[in-house]
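First the structure, in the form of structure tokens, and then the observations on it.
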Amino acid sequence: MINLPLLRQNDRQILKNIIKNKHEPAKTKLLNKYNNIIADYLKFYKNRYTLDRITQDTNIDEEATKYLNAAYKSGKEIDSVKAKITEIMPPAIKEKCPYCMLSEPGTFDHYLGKGRFPEYSVLSKNLVPCCSKCNSKKGEKFLSKNGNRSFISFYFDKLPQRSFFVVELDIDDDIPYIKDMYTTSNNGNNIDEIIKTHFEKLELFERYKQPMSNLLAILISKINKSKQSREDIIEALESEITALEKIYGSSYWECSLYRGVVDNEDILDYLENISLSDS
């Protein structure tokens, strides 16, 4: 997982253009709410590192909500914003959803859900490329029971440089398998708790299980009878980890799997044995 570049866009002007292109009665309604929405934009940016402090703007009534959400669903202005966000994303995020790093992003998530926070429906800094599965699982969820944010803000949260996703492997009946997965904490930092709930709420451990098992099977197949020494296997895996980290971040699920292999003496014994085996 990696932080995303933030689109440097004049959201005030975007809102003006959206309102300008609206027909009545939407145009007048949104003009009347313009100052409220701009104040909300300023509040969002002021609290960008502590978005859990933001509360819903009660001045945005049901009618204004309808027009703002409609503006997000269609219109050349918002389509242009989405295209620009996609354009500046690193290649890794153009092909993998930042929330899970599994599927291709085919939609956009409103980090602050547009149902509860319609004032941010067309705010570029609230739109995150996302796959449909993560978007569906996240929905309007925002805060955990203790009042903290439940999901990583890929624009504003500073993700740890260390690996925070651990994969443990074991062997049963001479077959390696994924035994456990979990996130790690560093002195109970707030971002660690957000990462933990992010993985839990999006069911990432369960969703990673099958692709990880497939990747492990591919690794075993490649090493089988390859005549590689233990040191060769470790060197190849560490080289792959380094290459993947540069693109997808240190906690990318493939990195975590390979790291789990390198850190497990029993798995390394198994791989060395099948590599050097003649039968």
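The set of residues in region 75-85 being under 21 Å from GLU24 (Cβ atoms) and either assigned to a helix (DSSP H, G or I) or of a type in the set (D, E, K, R) (or both) consists of LYS76, GLU77, ILE78.
Exactly one residue out of TYR49, TYR72 is in a helix (DSSP H, G or I), among the aromatic types (Phe, Trp, Tyr) and either modelled with pLDDT of 90 or more or in the same structural domain as ASN126 (by TED's automatic domain parsing) (or both), and it is TYR72. Among the residues of region 155-166, those that are farther than 19 Å from SER124 by Cα and in contact with a strand residue (DSSP E or B) (Cβ under 8 Å, 6 or more places away or on another chain) comprise PHE164, PHE165, VAL166. The residue list ILE152, ILE191, ILE171 contains one member that is touching a strand residue (DSSP E or B) at 6+ places or on another chain (Cβ under 9 Å), at pLDDT below 95 and surrounded by 14 or more Cβ atoms within 10 Å (Cβ to Cβ), which is ILE171. Among the residues of region 1-46, the one identified as buried (at least 16 other Cβ atoms within 10 Å of the Cβ), assigned to a helix (DSSP H, G or I) and under 21 Å from the mean Cα position of the chain (by Cα) is PHE44.
Test GLY139 against the criterion of being at positive phi and out of contact with any His (no Cβ under 9 Å at 6 or more places or on another chain), and give yes or no. Yes.
What number of residues within region 48-81 satisfy the criterion of being hydroxyl-bearing (Ser, Thr, Tyr) and in contact (Cβ under 8 Å) with a residue 12 or more places away in the chain? Even if it seems obvious, please write down each step before you answer.
Start the filter on region 48-81 by keeping residues that are hydroxyl-bearing (Ser, Thr, Tyr), which leaves 49-50, 55, 58, 65, 67, 72, 74, 80.
Subset that is in contact (Cβ under 8 Å) with a residue 12 or more places away in the chain: 49, 65, 67, 72.
Number satisfying all stated conditions: 4.
Beta carbons closer than 7 Å, at least 6 apart along the sequence or on distinct chains, pair a first residue in region 82-101 that is over 22 Å from LEU202 (Cα atoms) with a second that is small (Gly, Ala, Ser) for ILE85/SER124. Residue by residue through region 250-269, note down the ones that are without any contact (Cβ under 8 Å) to a residue 24 or more places away in the chain and either within 18 Å of the chain's Cα centre (by Cα) or not in a helix (DSSP H, G or I) (or both). Across region 250-269, the qualifying residue is only ASP263.
Of everything in region 52-69 that's in a loop (DSSP other than H, G, I, E, B) and under 20 Å from TYR155 (Cα atoms), which residue is farthest from the chain's Cα centre (by Cα)? Outline the logic, then answer.
Narrowing region 52-69 to residues in a loop (DSSP other than H, G, I, E, B): 54-61.
Retained after the next criterion (residues that are under 20 Å from TYR155 (Cα atoms)): 54-55.
Details: ILE54: 21, THR55: 23 Å.
Among those residues, the one meeting the criterion is THR55.
The values are calculated or read from the model by the stated rules, or taken from the named source; none is laboratory data. Just so it is clear, the structure is predicted and the values come from calculations on it, not from any experiment. Don't worry about glycine lacking a Cβ; one is built from the backbone with ideal geometry, like all the others, and counts go over all protein chains shown.
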